[in-house]
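Reading through the structure tokens given below for one structure.
What follows is calculated from the coordinates using simple rules that are stated; it is not laboratory data. Here the structure is a predicted model, which is why all the values come from computation and not from measurement. Neighbour counts run over all protein chains shown; Cβ positions are idealised from the backbone, glycine included.
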Amino acid sequence: MAIYTLPELPYDYAALEPVINPQIIELHHDKHHAAYVKGANDTLEQLEEARDKEQWGSINGLEKNLAFHLSGHILHSIYWNNMDSPKDGGGGEPLAADGVGDLADAITESFGSFAKFKAQLTKAAATTQGSGWGVLAYEPISGRLIVEQVYDHQGNVGQGSIPVLVFDAWEHAFYLQYKNQKVDFIDAMWQVVNWQDVNKRYQAAKASVPLISL
Ligand code: MN
């Protein structure tokens, strides 16, 4: 039985137009994300077989596959919910008037201002070498928000940090519409950020118990 399952999109394929066209959303969710779910499940099965047979010749590859596919599944599951149609409130800045003042304050405390945060995350996502993500994460030891530039789905990550806002910078996320203009895609992404969802994830992350103390 499958351990991981593909979540349904919280909106229809066309909901994020014109920032992301329906064809990209359909392929990205139904094919790419689905492949990571299958990959994570398949790898767990292969690890079980390796344990049963005590055959460890492929252990390095299997552990790498598990990290890759599981992280791909987690990041995409967050990604879909991090976005919403501009007509349903996506975009803009987190504002106290919208009930997300706590997140707005944390961004200001951690980065100096919303503008400085936006510049850092935009730059991190847009300059990712190869395939990867720009990520806003909560770091429980310091209680601060940090920006991470994630390679593939799992590399260059601070252990224990919790992603709350993720920008997919893989070519499959934008190439059909933006061609080689990755910076334009990342710039446009800000028009569909669902700050309510980001704040919800920030509150949950803040309530988590740090793995070590300062
Ligand atoms: Mn992707």
(message) For region 41-62, check the following and say yes or no: at least one residue is assigned to a loop (DSSP other than H, G, I, E, B) and buried (at least 17 other Cβ atoms within 10 Å of the Cβ).
(response) no
(request) Quickly run through region 23-32 and pick out the residues that are more than 16 Å from Ala169 (Cα to Cα) and within 11 Å of the ligand (Cβ to nearest atom). (result) Lys31
(message) For the list (1) within 19 Å of Lys179 (Cα to Cα); (2) away from the ligand (no atom under 13 Å from the Cβ), I need the number of the one condition that Asp12 fails.
(response) (1)
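Return yes or no: is Ala35 within 16 Å of the ligand (Cβ to nearest atom) and surrounded by 13 or more Cβ atoms within 10 Å (Cβ to Cβ)? Before the answer, list the steps.
On the way: within 16 Å of the ligand (Cβ to nearest atom): yes; surrounded by 13 or more Cβ atoms within 10 Å (Cβ to Cβ): yes.
Judged against the criteria, Ala35 is a match.
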(message) Given the condition free of Cβ contacts under 8 Å to residues at least 60 places away in the same chain and either hydroxyl-bearing (Ser, Thr, Tyr) or within 30 Å of Lys87 (Cα to Cα) (or both), answer yes or no: does some residue in region 45-53 qualify?
(response) no
